[in-house]
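**Q** Would you mind keeping the following structure in view while I ask a few things?
Every number here is computed from the coordinates shown, using simple stated rules; none is lab data. Fair warning: this is a prediction, and the values are worked out from it, not measured in the lab. Cβ placement follows ideal geometry from the backbone for every residue including glycine, while neighbour counts extend to all protein chains displayed.
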Amino acid sequence: MTDNVMVPRELVERAIAHSQKLAPKKWKCRDGRVLDIKDMETRHLRNTIAMLRRNGVVTTDEYMSCLAYACSSDTPDGAAMCAESEVASMRPWTGLKIMEEELERRTQ
């Protein structure tokens, strides 16, 4: 898979849902294989992260940060409305952070 290919949202949803059932440290490939994230090839890991990001998947930390900003009494009304809209479109997944940390570990 190349970095600029859009994947149907339904496939992304199924992959994430299945991976969440397994554990956040596993990924179900399009061909049905289930891999430990640590065992994914670097290119596959990089492409998977890019595909997830293109399809609105965020880390749980990113989600919580945006949610806190949207709900803060210090946030101006217009900015809060924009942040609320952003939160509504976000799809948090704990596995994304694990993938990004694994990729970072390999590229140090």
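**Q** Using each residue's phi in segment 103-108, evaluate 6.51 cos²θ - 1.76 cosθ + 1.60 at θ = phi - 60° and report the 3J(HN,Hα) Karplus result to the nearest Hz, with x for Gly and Pro.
**A** Computed from phi, the couplings for segment 103-108 are 5, 4, 4, 6, 9, 7 Hz.
**Q** Here is a follow-up. Got a sec to turn the phi values of segment 82-98 into Karplus ³J(HN,Hα) couplings, 6.51 cos²θ - 1.76 cosθ + 1.60 with θ = phi - 60°, whole Hz, x for Gly and Pro?
**A** Those phi angles translate into 5, 5, 4, 5, 4, 4, 4, 8, 6, 10, x, 8, 5, x, 5, 5, 4 Hz.
**Q** Give the aspartates and glutamates whose C-alpha is closer than 14 Å to that of LYS25, dropping any in the same chain fewer than 8 places away, or say none.
**A** Of all the aspartates and glutamates, those that pass the test against LYS25 - Cα under 14 Å, at least 8 places apart if same chain - are ASP36, ASP39, GLU100, GLU101, GLU102.
**Q** Also, I was wondering about something else. If amide hydrogens are placed 1.01 Å from N in the peptide plane, which non-local residues have theirs closer than 5 Å to the one on LYS26?
**A** Hits under the 5 Å cutoff: ILE37.
**Q** How high is the FRET efficiency from SER72 to GLU101, r the C-beta distance, R0 22 Å, rounded to 0.05? Could you put the intermediate results ahead of the total?
**A** On the way: r = 28 Å, r/R0 = 1.26.
Working from the Cβ atoms, E equals 0.20.
**Q** In whole Hz, what ³J(HN,Hα) sequence does segment 28-36 give by Karplus (6.51, -1.76, 1.60; θ = phi - 60°), x for Gly and Pro?
**A** 9, 6, 4, 7, x, 5, 10, 10, 5
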